[in-house]
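What follows is a set of notes on a single structure, which appears directly below.
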Amino acid sequence: MIEIRNIGLWYRKGQKILDNVSATVGEGSTVVICGPSGSGKSSLLRCINGLETFQEGEILVNGISVQNPNTNIYRLRANIGMVFQHFELYPHMTVTENITLAPMHVLKISKTRARQKAMELLERVGIADQAAKYPGQLSGGQQQRVAIARGLAMEPALMLFDEPTSALDPEMIQEVLEVMVDLARDGMTMVVVTHEMGFAREVADEIIFMDHGRIVEKGNVQTFFNHPENERTQQFLARILR
Amino acid sequence: MDWAVITDNMGYMLGGLGLTFQMTLIALSGGMFLGCFLAMGRLSSKKWVYYPASAYVHFFRSQPLILVIFWLYFLAPVFVGRPLGAFYSTMIAFVFFEASYFSEIIRGGIQSVPKGQVMAAQATGLGFFTIQRYVVLPQALGNMAPALITRAIVIFQDTSLAYVVGLREFLRRVNLVDTREVRSVELYCFAAVVYFVICTLGSLFADHLERKREASKA
Ligand SMILES: Nc1ncnc2c1ncn2[C@@H]1O[C@H](COP(=O)(O)OP(=O)(O)O)[C@@H](O)[C@H]1O
Ligand SMILES: [Mg+2]
């Protein structure tokens, strides 16, 4: 589903942010990416849906090359949902409007149909009663669930999550993770940047550890937690699993 | 002093306010519309968009408004082939001129919207103009409302310049009454009071919005 081949990314000369990064995400699988802050995790996610322009390598999503000039990047993005650390809900729109904006303007479905769909999704993430409120009136956990619903509203084949629970109060982390676990179990293809190792153990098919723009460790849950080979991974795990 | 000259000609003079408001409204909406595109141009990373937009803005901000009004009144017929008429040529001058000021206000407003908002919208597959229209500009508008109202007040005052091409807006009508009645002190005091009241109301409204915005932030 996603083929990442030897990606190299610079924001400015002399500072390589991603260095020869390669990975494959199979259909229906969940890949967890972790690593210290500044290691390039967010940049990598943004490369996958073309929000960032990389200088080396190639990324294929469902066989379509992200940076090929002939690729309709808007159509590609419509097929990839993304959830951010700070939710990024539109503060001037109600929860329903947040969810229906893209389906109405990208997929051109009717307002009635879009709203109906939004209600189903809000039902699914457990906050149907908040549909008419503004993001500012919701708790962090509720906002992030709205953001997930907003992503799902485009019926994407793939969801990207960039530290979806890092900005949340501890008591709200679980409600968001539960939604994500359900999604993974329903067969959604997901790439999740997170340090929630409980989540990783539960649903990850593969865990990737990044450091200084490189993938330094890659493996399934068993090998990653029990036999990490890289010294940096060992240190990282020791700190995070304490 | 004879204040009767004011009550006697009240209807005629205040009638000119209709034209004053009409011109303000057209200059405001037209200037903002064109200003939106200029602002986007000024924020573009594409050089062929950025430079023309910037040149436009800097040019018009370097010109006195009255010259732009003359320009369109006297020179537009040379290009268009027929006179546009005082009203249309003045309105076009105002829209062109004000767009350069609105562009800078709107640019500031757009920049006040966090980048993450645009990124989130892009990630759903929305295009540039849809994002501006539904995500960026509505949020920018809240941040720039006080500056827009301040500019609207300036436009309201500047419409009086239209007298140079013969438009009978409020101040011109006061001036015409004075030519006939020769009561300058009373008449221009009256004009001052009218401008003062209307602009003060506008300023109070801008302050009110500003306070509301501060409160909503806290
Ligand atoms: N838009 C940007 N422009 C310049 N530098 C950036 C930008 N985004 C990220 N960086 C830099 O790239 C590096 C990797 O950042 P990021 O991908 O956000 O890492 P992570 O998500 O793992 O914390 C950091 O050094 C960061 O400062
Ligand atoms: Mg990050």
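The values are calculated or read from the model by the stated rules, or taken from the named source; none is laboratory data. Quick caveat, the model's predicted, so the values are computed rather than measured. A quick note on method: Cβ atoms are made from the backbone with ideal geometry, for glycine too, and the neighbour counts reach across all protein chains shown. With ligands, DNA and RNA removed, areas are computed over all heavy atoms of the protein, side chains included. Shrake-Rupley method; radii C 1.70, N 1.55, O 1.52, S 1.80 Å.
Some values worked out for this structure:
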read-out: Under 21 Å between alpha carbons - lysine pairs in the protein assembly as shown that sit 8 or more apart or on different chains; value: 15
read-out: Positive-end residue, the protein assembly as shown charge dipole about Cα centroid, Cβ charges, pick of B:PRO64, B:SER203, A:THR194; value: B:PRO64
read-out: Rounded percent of accessible protein surface that carbon and sulfur make up, the stretch B:4-217, 1.4 Å probe; value: 67
read-out: With all protein chains modelled, accessible area of A:ASP129 [1.4 Å, Å²]; value: 120
read-out: Neighbour net charge for A:ASN230 - beta-carbon separation under 13 angstrom, K R +1, D E -1; value: -1
read-out: Alpha carbon centroid spacing (whole Å) that separates the stretch A:96-146 from the stretch A:25-76; value: 26
read-out: Magnitude of the charge dipole, chain A, Cβ model with Lys/Arg +1 and Asp/Glu -1, debye to 20; value: 760
read-out: 13 Å beta-carbon shell around B:PHE37, net charge (K/R +1, D/E -1); value: +3
read-out: Heavy atoms of B:GLU214 accessible to a 1.4 Å probe, total area in Å² rounded to 10; value: 100
read-out: Residue-averaged [θ]222 nm for chain A, counting only DSSP H segments that reach four residues, each worth -39500 (n - 2.57); value: -11000 deg cm²/dmol
read-out: Heavy-atom accessible area order for A:LYS108, A:LYS13, A:LYS41, largest first, 1.4 Å probe; value: A:LYS13, A:LYS108, A:LYS41
read-out: Solvent-accessible area per residue, Å², over chain A with all protein chains present [probe radius 1.4 Å]; value: 45
read-out: Listed residues B:LEU201, B:LEU34, A:LEU44 arranged by accessible area, highest first, probe 1.4 Å; value: B:LEU201, B:LEU34, A:LEU44
read-out: Extreme residue, positive dipole direction of the protein assembly as shown, given options B:PHE74, A:ALA118, B:MET91 (C-beta unit charges); value: B:PHE74
read-out: DSSP beta bridge pairing in the protein assembly as shown, given as percent antiparallel to the nearest 5; value: 55
read-out: Cβ-placed point charges (K, R +1; D, E -1), dipole of the stretch A:161-214 about Cα centre in debye, nearest 20; value: 240
read-out: Percentage relative contact order, chain A, counting C-alpha pairs under 8 Å, at least six apart; value: 26
read-out: Shielding by partners, peptide B:124-133 (average Cβ within 10 angstrom, other chains); value: 6
read-out: For a label point 7 Å along the Cα-to-beta-carbon line of A:LEU107, residues of the stretch A:80-96 with backbone N under 20 Å; value: A:80-84, A:89-90, A:94-96
read-out: Simple Cβ-charge dipole of the protein assembly as shown, Lys/Arg +1 and Asp/Glu -1, about Cα centre, in debye nearest 20; value: 1220
read-out: Separation between Cα centres of the stretch B:83-99 and the stretch A:164-242, rounded to whole Å; value: 62
read-out: Helix A:140-152 vs. chain A, principal-axis angle (Cα, 0 to 90°, nearest 10); value: 90
read-out: Accessible-area order (highest first, 1.4 angstrom probe) of the listed residues A:MET188, B:MET1, B:MET119, A:MET210; value: B:MET1, B:MET119, A:MET188, A:MET210
read-out: Rounded if a/c under 1.5, otherwise prolate or oblate - the stretch B:4-217, Cα gyration tensor axes; value: oblate
read-out: For A:GLY28, distant residues with modelled amide H under 5 Å away; value: A:THR189
read-out: Residues whose placed amide H lies under 5 Å from that of A:VAL83, excluding near-sequence neighbours; value: A:LEU160, A:PHE161, A:ASP162
read-out: Rounded to 10°, Cα long-axis angle of helix B:47-62 versus longest principal axis of chain B; value: 20
read-out: The protein assembly as shown shape via C-alpha gyration tensor axes, a/c threshold 1.5; value: prolate
read-out: Degrees between helix A:231-240 axis and first principal axis of chain A (Cα, 0 to 90, nearest 10); value: 40
read-out: Of B:ILE149, B:GLY166, B:THR130, farthest towards positive along the dipole that unit charges on Lys, Arg, Asp, Glu beta carbons give the stretch B:99-218; value: B:THR130
read-out: B:ARG151 accessible area, 1.4 Å probe, all protein chains in place, Å² to nearest 10; value: 40
read-out: ³J(HN,Hα), Karplus 6.51/-1.76/1.60, whole Hz, each residue of the stretch B:153-162, x for Gly, Pro; value: 5, 4, 4, 3, 6, 6, 4, 4, 5, 5
read-out: Within chain A, percent of DSSP bridges classed antiparallel, to nearest 5; value: 55
read-out: Estimated buried accessible area (total), pair B and A, 1.4 Å, Å² to nearest 100; value: 1600
